[in-house]
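Engineer: This is the structure I have questions about; it appears just below.
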Amino acid sequence: MHDVVITGMGVVSPLGVTTDEFERNLFQGRHDIVPLPKERKEGLTVQVDAPVAGFEPESHFSALELRRQDPYTTFGLAAVREAVSQAGVLGEVDPFRLGVYLTSGLGGATTVVNEYETLQRTGPRRVSPMLIPKWTTNILAGMAAIELGAHGPSLAHVSACASSAMSIGEGTRAIRHGYADAMVCGGAEMLGTRLAMAGFQNLRALTPVGDPDRASLPFDRTRAGFVMGEGGAAVVLEREDHARARGARILARITGYGNTTDAFHITAPSDDGAAVDRAIDDALAEAGPTSGTVHINAHGTGTVKNDRVESRAISRAFGPHSPVTSTKSMTGHLMGAAGVLETIASVLTLLRDEVPPTVGTSELDPHIDIDVVLKASRKTKLACAVSLSLGFGGHNACLILEKAT
């Protein structure tokens with residue numbers, strides 16, 4: 001059984017389009033939630049979202065490449081390039097021992113909407129031959145593998161909002177059990193179409209609040225749903241002895257992973273939280289004993305039921321005094337990319353011994369008994385970090401990260 005470490009990270013998000021920019025804004029407690037443009041808001045009760053700003057695709061890809069990519073793939077590939085560059089792993093590992101686990105919740109949704117409009121307007125012959133390749137949820141993994149020359153295992157774990165967390169967990173297992181020496185893991189999402197927003201709105205999942213400062217309020221007494229985000233993120237996982245042998249900088253260790261299913265409802269979490277408890281317990285059992293302060297990066301969507309179920313699970317596992325953050329208060333919900341972005345936030349938290357705030361949240365729901373860090377980041381000597389991801393369909397993932405030693 002091999003130990004697994006993180007040697008590279010890449011980010012394209014509403015909170016920053018590089019890892020350094022994301023880190024700076026995260027710990028400053030800045031959010032990038034903005035009003036929806038008028039042309040997108042028509043007919044919707046949704047009034048805000050969290051788009052990627054300041055990202056210039058043309059500086060990363062040629063015009064031909066961009067024509068062949070859905071925006072979710074563009075976000076994901078840019079994040080992969082940053083992560084791989086930071087890790088310095090290319091040329092240092094057998095291509096058949098380098099794998100790619102990259103995913104999305106819904107894949108090329110923007111392409112589907114655009115090409116359906118073309119179909120309705122001008123007929124089938126004008127639909128792009130790139131519709132299917134741009135649409136499929138596995139294509140980010142396929143395109144990254146082509147670019148990296150990675151001939152090892154390649155999968156797209158699709159499990160809604162837990163997708164990229166599970167890609168990291170399963171990538172950890174691939175290395176731990178000897179199937180690969182390095183894995184590029186993560187995900188990307190772009191669901192800013194009116195169709196997707198209407199769907200989530202009618203599920204009563206999105207907040208109707210129009211004030212960007214009060215829209216995403218995880219665990220708050222007045223929370224009313226989540227804010228749609230977009231972007232991509234990736235991490236490079238590596239066998240620890242392999243990373244040390246080549247002198248790589250080790251950012252953190254992944255020591256535990258739990259993966260369970262509620263088997264209860266297609267969208268709602270089970271009230272008893274038993275499967276979330278089990279995912280946490282399994283991850284902690286794999287990680288082994290630890291002493292000191294544990295930080296929890298919660299799934300923290302800002303929906304009433306999810307927050308209560310998750311907070312009870314956190315309290316049962318870690319007590320009421322472990323510092324908790326919901327990154328979604330700043331980035332909105334990146335769906336299939338949320339888990340990897342929040343894993344990166346957890347790594348940065350460990351590197352800095354500083355817990356970022358849950359921005360906007362000011363008065364906790366009285367049914368929630370956990371230590372949500374509010375207003376400003378908190379300096380705290382940390383032993384490890386826990387990242388939780390919960391997805392539609394009842395998917396639960398828990399990752400345990402520890403500092404590199």
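Engineer: Translational diffusion coefficient of the range 185-244 at 4 °C, 1.567 mPa s, Stokes-Einstein with Kirkwood Rh over Cα pairs, in µm²/s as a whole number.
Structural biologist: Once the numbers are plugged in, D ends up at 91 µm²/s.
Engineer: For the range 1-120, with equal point scatterers placed on the C-alpha atoms only and solvent neglected, what are the log10 I(q)/I(0) values from the Debye formula at q = 0.13, 0.22 1/Å, to two decimals?
Structural biologist: So the normalised log intensities work out to -0.72, -1.44.
Engineer: For the chain, with a Gaussian network of springs between Cα atoms less than 10 Å apart, report the residue from Ser62, Ser362, Ser389 with the top mean-square fluctuation.
Structural biologist: With Cα springs under 10 Å in the chain, the top fluctuation among Ser62, Ser362, Ser389 is at Ser62.
Engineer: I've got another one for you. With the alpha-carbon atoms as the only input, what is the per residue convex hull volume for the range 291-405 in Å³?
Structural biologist: 97 Å³
Engineer: Moving on. Compute, for the chain, the length of the dipole vector about the Cα centre, with Cβ point charges of +1 (Lys, Arg) and -1 (Asp, Glu) only. Units Debye, rounded to 20.
Structural biologist: Around 400 debye, computed over the chain.
Engineer: Which three numbers, in whole Å and largest first, are the semi-axes of the equivalent ellipsoid of the range 248-327 derived from its Cα gyration tensor as √(5λ)?
Structural biologist: The three semi-axes for the range 248-327 are 23, 15, 13 Å.
Engineer: Heavy atoms only, probe 1.4 angstrom, no DNA, RNA or ligands counted: give me Met228, Met190 ranked by accessible area, highest first.
Structural biologist: Sorted by accessible area, descending: Met190, Met228.
Engineer: Next question, about the same structure. With N residues in the range 66-214, what two-decimal value do you get for its Cα radius of gyration over 2.2 N^0.38 Å?
Structural biologist: In units of the 2.2 N^0.38 Å rule of thumb, it is 1.19.
Engineer: Long-range amide H contacts for Thr103: which residues qualify at under 5 Å (H placed 1.01 Å from N, peptide plane, sequence gap of 5 or more or a different chain)?
Structural biologist: Amide H neighbours of Thr103: Gly186, Gly187, Ala188.
Engineer: Taking the C-alpha atoms of the range 222-370, how large are the radius of gyration and the largest Cα-Cα span, Dmax, in Å?
Structural biologist: Considering the range 222-370 through its Cα atoms, Rg and Dmax are 16.2, 51 Å.
Engineer: Per residue, how big is the convex hull around the C-alpha atoms of the range 133-193? Give it to me in cubic angstrom, could you?
Structural biologist: 83 Å³
Engineer: Which semi-axes, in whole Å and largest first, does the equivalent ellipsoid of the range 30-96 have when worked out from the alpha carbon gyration tensor as the square roots of 5 times its eigenvalues?
Structural biologist: 33, 15, 10
Engineer: Additional query: Full-extension gain between Asp20 and Ala376, please, as 0.36 nm times their residue separation minus the C-alpha to C-alpha distance.
Structural biologist: 126.3 nm
Engineer: While we're here: So which DSSP H runs in the chain come out at 27 Å plus along the axis (Cα) with average Kyte-Doolittle of at least 0.5?
Structural biologist: Helices meeting the criterion: none.
Engineer: Next up: Using mean Cβ contacts within 10 Å as the protection proxy, how do 197-207, 275-285, 8-18 order, highest first?
Structural biologist: Going from most to least packed, we get 8-18, 275-285, 197-207.
Engineer: Shifting gears a bit: Given a 1.4 angstrom probe, I'd like the percentage of the accessible area of the chain that is carbon and sulfur, rounded to a whole number.
Structural biologist: Carbon and sulfur atoms account for 52 percent of the accessible area of the chain.
Engineer: Of the candidates Asp49, Asp220, Asp365, which one comes out as most mobile in a Gaussian network treatment of the chain with C-alpha springs shorter than 10 Å?
Structural biologist: Looking only at Asp49, Asp220, Asp365, the biggest GNM fluctuation is shown by Asp365.
Engineer: Still on this model: Could you work out the per residue convex hull volume over the alpha carbons of the range 156-287, in cubic angstrom?
Structural biologist: Each residue corresponds to 156 Å³ of Cα convex hull volume.
Engineer: List the residues, sorted by chain then number, that are 5 or more residues from Val17 or on another chain and whose placed amide H is less than 5 Å from its amide H.
Structural biologist: Phe22
Engineer: I would also like to ask the following. Which order do the peptides 21-27, 106-112, 295-301 take when ranked by the mean count of other beta-carbon atoms within 10 Å per residue, highest first?
Structural biologist: Descending packing order for the listed peptides: 295-301, 106-112, 21-27.
Engineer: Right, another one. If you take Kirkwood radius over Cα pairs in Å from the coordinates, which of (i) 20.8; (ii) 22.8; (iii) 24.7 do you get?
Structural biologist: Checked against the structure: label (i).
Engineer: For the chain, set up a Gaussian network in which alpha carbons nearer than 10 Å are linked by springs, and say which option among Met130, Met166, Met335 fluctuates the most.
Structural biologist: Judging by the Gaussian network model, the answer is Met130.
Engineer: Another question, if that's okay. Quick one: what do you get for the range 209-269 if you divide its Cα Rg by 2.2 N^0.38 Å?
Structural biologist: Normalised by 2.2 N^0.38 Å, the Cα Rg of the range 209-269 equals 1.85.
Engineer: Then there's this: Show me, bin by bin at 5 Å from 0, the whole-percent P(r) of the range 327-394 based on Cα pairs.
Structural biologist: So the P(r) values, bin by bin, are 3, 15, 22, 25, 22, 11, 2, 0.
Engineer: What do you get for Rg/Rh over the range 1-71 if you use C-alpha atoms and the Kirkwood form of Rh?
Structural biologist: Computed over Cα atoms, the ratio is 1.11.
Engineer: Which entries in Lys305/Lys403; Lys375/Lys403; Lys134/Lys375; Lys305/Lys375; Lys305/Lys381 show an alpha-carbon gap greater than 29 Å?
Structural biologist: Lys305/Lys403; Lys134/Lys375; Lys305/Lys381
Engineer: Moving to a separate point now. Quick check for you: with a 1.4 Å probe and neighbouring chains kept, what is the accessible area per residue of the chain, in Å²?
Structural biologist: Per residue, the chain has 39 Å² of solvent-accessible surface.
Engineer: Now for a different question. Measure out, as a whole number of angstrom, how far apart the alpha-carbon centroids of the range 254-293 and the range 341-405 sit.
Structural biologist: Rounded to whole Å, the Cα centres lie 15 Å apart.
Engineer: Give the separation of the Cα centroids, the range 126-151 to the range 26-47, in Å.
Structural biologist: 29 Å
The values are calculated or read from the model by the stated rules, or taken from the named source; none is laboratory data. None of the values given here were measured: they were computed from a predicted structure. No Cβ is skipped: glycine too gets one built from the backbone with ideal geometry, and neighbour counts run over all protein chains shown. Surface accessibility is based on the protein's heavy atoms, side chains included, excluding ligands, DNA and RNA. Shrake-Rupley method; radii C 1.70, N 1.55, O 1.52, S 1.80 Å.
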